[in-house]
1. Wrap a convex hull around the Cα atoms of the range A:430-489, take a quarter of its surface area, and give that in square nanometres.
2. Counting only the backbone N, which residues of the range A:248-289 are under 19 Å from the spot 7 Å out from the Cα of A:Phe125 toward its beta-carbon?
3. Please arrange A:Thr217, A:Thr529, A:Thr465, A:Thr440 by how many other C-beta atoms lie within 10 Å of their C-beta, fewest to most.
4. Rounded to whole Å and ordered largest first, report the semi-axes of the equivalent ellipsoid of the range A:224-334 derived from its Cα gyration tensor (root of 5λ).
5. Which one, B:Ser104, B:Gln133, B:Phe198, projects farthest toward the positive side of the charge dipole computed for the range B:72-198 from Cβ point charges (K/R +1, D/E -1)?
6. Could you work out the per residue convex hull volume over the alpha carbons of the range A:280-409, in cubic angstrom?
7. Give the order of B:Tyr19, A:Tyr27, B:Tyr102 when sorted by the count of other beta carbons within 10 angstrom, beginning with the fewest.
8. Please report the net charge: other residues with Cβ closer than 12 Å to the Cβ of B:Leu97, K and R +1, D and E -1.
Amino acid sequence: METMALLGDEAAALGAVHGGVSVAYGYPGTPSTEIIEYIQRFHPQRPLAVWCTNEKTAYEEALGASYVGRRALVTMKHVGLNVAADPFINSALLNIRGGLVVVVADDPGMHSSQNEQDSRFYADFAKILCLEPSNQQEAYDMTREAFDLSERFQIPVMVRITTRLAHSRSGVNPSPPRHENPLLSQVDPSGWALLPAFARKQYAQLLSKQKDLLTFTEQSPYNQLSFLGKGDPSSIPFGVITAGIGKNYYLENLDSLGKELPHLHIGAYPLPVEKIRKLAASVTRILVIEEGMPFIETCLRGVLPLPHGIQISGKLDQTLPLAGELEPDLVRKALGLQSREGVPLSSSFPLPPRPPQLCQGCPHGDTYASIKNILKELPEAVITSDIGCYALGAVPPLAIPETIVCMGASVSMAVGAAEAGKKHTVAVIGDSTFLHSGITPLIDAVARNVPITVVILDNGTVAMTGGQETILPTGNLPALVQGLGVDPAHVITIEAHRRHEKENIEILKREIQYPGVSVVIAVRECLETARKKKSQKERVE
Amino acid sequence: MLGNRPQEKEPEGESRMKYDILLCGVGGQGVLSIAAVIAQAAVMEGLQVKQSEVHGMAQRGGAVQAHLRISSTSIHSDLIPKGSASLLLSMEPLESLRYLPYLSNDGVLLSAREPVVNIPNYPDIDSVLTVIQRYPRHLIIPALEIARKIGSPRSSNMVLVGAASKFLPLSPETLKKVIEGLFHQKGDGVVQSNLSAFEAGRRES
């Protein structure tokens, strides 16, 4: 088959397709979005690849497909796994049938995220296999193989990638596709009902699988030990453990280093204990180069002093920075090489940052302008907000949202602030985020008649991640909100446009002052989505 | 598997070609299209490519960068190390200054002349251009002006590809073929205006 230039995300997607996946579920989230998008675009017939309401429903839908024998892929960004954590952790106890693979894209450096949590901790916590590709080819190979491993060990398998691999394009050589699993006509339910008595048995089974998983990772070529020294360990400066794309940055600097160091690359977890011990026996110091949090390094260090006085360097001793993503130059420094600087810029020249901002004419900007106007009269008001493009309104000149925490938290935090005694609390949330996690806290508000106003910014799209369609079309929200029990007289739809600013201000002011639950739905299509639709239409014509 | 990494062996000495390009601009300017054209042309000429892009939040009118690495042998890092870019290709003058540390001392700094002023504290444009001109191997192209002159203001990114083609280790014919392919779906008119933009940029360089 021909070499293809693919993003890491796309390579993982193609690996799943060629691995015989039948269904792919996900929720958009940078840097994972292009996995589902690739399947939708280039394999529109099979497999089924769809966006779900949130990561939890996506994961559970994948589980259902696995239960009846099909191979299932589920994708999300790192914080999405928090949302799916309940089914994720529990699914490790099941007798996974059709291969179940979760591809999680972590975002160290927080290019487009609220934190930089490392999903390898989750895989370890769930006691499952985790594969971590270092390049696009491995993203293809590992995702594909993950389905086989999932069926072999009857556990879910995680493929962990990070931003730079997810969004970097390079050559991938695919292999011939495998057929899909047949649908089981007779499904054996044993090992799928986690009643305590059964769950104890299933947990014991998961624990007993651990030695098999370890045997696998000890022997896996993804964990590769090379250039072990034969002489006196003290004659070798140090050994290197790399993981994921950390390997690329090590190899990038090899020319300058001038010689190969004893090196263990880890691409499959649980950690290959014997290989690590073998490396440790040949050196007096180990430098750990891993993208994300110091997972391997923490495991190596433990609490008690290390035997033979071996020294572990990495992020915990600040040889590499604890926060942010790795870069070739940071690894260069950690290897003890002279830093290289290109052309210097005079330090006196002002280089103002250019942060992302709402597009000119964005409907969110118009709604914020109205809210800002009201805040002049209600300076005590609390404005909570949420995850999406509208979070960009938190910085000047708008500076309106006060809180941005996680999907749906605007509504729940408004409830808490109101019940704590604040009179005017406003939750600003996008349509997709509302459907993802905003409905349940709104039920809390209705149940206790908490005086909050939820402003749903309905632009009909998941804008920040590139304009995926919101799971329910614009127009369904009023009925949905009323169905939850919000008084229809306080479910108001407005057009988010500055030409209606006067009346929008009046409506918002009235609802914010109403001492009960009110919902204002500010509707106008995202400019980017509208532009894309127009150019697609032109192309068709 | 001990020591078995044959694919990572580099050929000896001068046979190895390596060309790193740091592309930058402001979200929405078409930086990723430039990266796509050059990367595709390199693939067509049988070279290895790694192209790292920025997606998501940063694309909303913020500073955008793409790392494009071309080599005759395997490429390890998706990111360009500092001091190693052969070309710094910017769609916006102020943005070009942000990435100077990536440019090698004999690299080329190629920037569009027209500023995108979407921040309140944008420095005086003449002072920005003066800083660029202080660098010996610089080239400032009035990309937008040229694109407007040929009646296709949206093709200013292809003007820059044309200007860059004088330095790239790729044949202009391959680049033109890629441009044709990229805009093929949008009709002959769009293909022609982008090719004209490429030629005009090449003449300017």
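Just so you know, all these numbers are worked out from the coordinates, no wet-lab data involved. Predicted, not measured: the structure shown is a model, and the values here were computed from it. All Cβ positions, glycine included, derive from the backbone under ideal geometry; neighbour counts span all protein chains shown.
1. 4.1
2. A:269-271
3. On the way: A:Thr217 22, A:Thr529 18, A:Thr465 25, A:Thr440 11.
Exposure proxy ranking, most exposed first: A:Thr440, A:Thr529, A:Thr217, A:Thr465.
4. Numbers: eigenvalues 72, 59, 36 Å².
Equivalent ellipsoid of the range A:224-334: 19, 17, 13 Å, largest first.
5. Looking along the dipole axis, the top candidate is B:Phe198.
6. On the way: hull volume 28.0 nm³, N = 130.
Dividing the Cα hull volume of the range A:280-409 by its residue count gives 216 Å³.
7. Details: B:Tyr19 20, A:Tyr27 30, B:Tyr102 25.
Neighbour counts put them in this order, fewest first: B:Tyr19, B:Tyr102, A:Tyr27.
8. Details: positive: A:Arg354, B:Arg98, B:Arg134; negative: B:Glu92, B:Glu95.
Once all neighbours under 12 Å are counted, the net charge is +1.
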